[in-house]
Amino acid sequence: MSADLGLRTPAEAVIPAEPMTPLPYAVVSAMVEGPDTVTVDVMPTGPGIAAVRPGQFAMVLALGVGEIPISVSGVGPDGRLSLTVRSVGAVSSAIVNLAEGGVVGLRGPYGSAWPVDAVTGGHVAVLAGGLGIAPLRLAIDALVAPESRADRVAVVVGAREPSQVLYRPDVDRWLALGARVVLTVDHATRTWPGSVGTVTAAFQRLGELPDLAFVCGPEAMMLSAGTALVDAGMDPSAVWVSLERNMHCGIAHCGRCQLGPYLLCRDGAVVPFAGVADLMAVRGR
Ligand SMILES: Cc1cc2nc3c(=O)[nH]c(=O)nc-3n(C[C@H](O)[C@H](O)[C@H](O)COP(=O)(O)OP(=O)(O)OC[C@H]3O[C@@H](n4cnc5c(N)ncnc54)[C@H](O)[C@@H]3O)c2cc1C
Ligand code: FES
């Protein structure tokens, strides 16, 4: 089967009219996803940020603490946005600990998106490691939706241990909508029904060669998965990864997020593996 995936270069960044002004959002619910990780749903208290495409991020301001980039992991019809945040430092823990009614500031959305709209058929694989599932969640939702033009969708989700597998209700929904879903962990419990081992190995065991792949997780995982997909015969420009670097402005002004010729807040975070594989390999040494 040859699918015309209409692949494009990284999507152009959409810079809002008032790019540095955070808009207030109030927490409407918070769901504990695992140790240190919470999905916070927020609603705008006035005007909200522009429409978010799968894979884009917002700069999230914890009042009086600081501002960090967070991927938008869900979008509701009522303007609600989901932010899945792991507490690793001052700002992320302030967001994770917000009570219902607590207020954060959001600006964005920033960056490129997974090329979901370019799918016109074929087999799409999604490989997620750890919190890397957060920026992929909207893309998977779009790929398994009844109106999706993907012929087949395979999703491999990896986590350190079963308690760290995020979005369990979504996994059941994706399965019900016809996706092939594999969960894999580094350290299994005795009752774990899924696979054990890396995301790359679990995907290789499926014996599939996708036409398009979205990969997100720790950088070593993306490098290993991207390399394995290309070695198996995939066109490197059909493998997409999402790269994280420290970010400050989010609008290509400060240079904090530079990787080689790219400013990842503008040219990424979602980029074709073909354009960054060498840079990732150098950094990993
Ligand atoms: C485009 C993008 C999307 C992101 N999406 C999410 C998300 O959906 N959910 C989420 O929990 N986190 C996400 N992150 C990472 C998040 O921004 C950082 O964890 C956060 O900046 C940490 O800030 P802090 O003040 O809590 O901790 P800090 O004290 O600033 O940092 C704590 C530790 O995390 C490390 N760190 C900080 N920023 C990064 C980074 N960008 N990459 C790798 N390590 C980092 C620091 O070196 C330090 O070791 C994203 C980052 C980017 C660039
Ligand atoms: S975060 Fe400032 S240039 Fe990218």
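For the stretch 196-247, what class follows from the C-alpha gyration tensor (a ≥ b ≥ c being the square roots of its eigenvalues): rounded when a/c is under 1.5, otherwise prolate if a/b is larger than b/c, else oblate?
oblate
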Only Lys, Arg (+1) and Asp, Glu (-1) charged, at Cβ; the chain dipole about Cα centre in debye: 340 debye
Coarse-grained scattering of the stretch 160-238 at q = 0.20 Å⁻¹, given as base-10 log I(q)/I(0) from a Debye sum over alpha-carbon atoms: -1.03
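Using a ≥ b ≥ c from the Cα gyration tensor of the stretch 209-285 (square roots of the eigenvalues), is it rounded, prolate or oblate, where a/c under 1.5 gives rounded and otherwise the larger of a/b and b/c decides, a/b for prolate? Intermediate results must be reported in sequence, preceding the final value.
Values: a/c = 2.44, a/b = 1.92, b/c = 1.27.
Verdict is prolate for the stretch 209-285.
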Rg in Å to one decimal, and Dmax rounded to a whole Å, for the chain via C-alpha atoms: 18.0, 55
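Over all distinct alpha-carbon pairs, what is the Kirkwood Rh of the stretch 140-285 in angstrom? Write down the numbers at each step before the final one.
Numbers: mean 1/r = 0.0602 Å⁻¹.
Kirkwood hydrodynamic radius for the stretch 140-285: 16.6 Å.
Mind running the shape call on the stretch 57-214? Use the C-alpha gyration tensor, a ≥ b ≥ c as the square roots of the eigenvalues: rounded below 1.5 for a/c, prolate if a/b tops b/c, oblate otherwise.
On the way: a/c = 2.20, a/b = 1.40, b/c = 1.58.
Here the stretch 57-214 falls in the oblate category.
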Mean residue ellipticity at 222 nm from the helices of the chain, using -39,500 (n - 2.57) per DSSP H segment of n ≥ 4 over the full residue count, to the nearest 500 deg cm²/dmol? -6000 deg cm²/dmol
Between GLY74 and residues 5 or more places away or on another chain, which pairs have amide H atoms under 5 Å apart, with H built 1.01 Å from N, and which residues are they? SER82
Relative contact order computed over the stretch 185-249 (Cα-Cα under 8 Å; 6+ residues apart), in percent: 28 percent
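Every number in this text was worked out from the coordinates using simple rules, so none of it is lab data. A quick note: this is a predicted structure, and the numbers were derived from the prediction, not measured. Cβ sites come from the backbone with ideal geometry, for glycine too, and all protein chains shown count toward neighbours.
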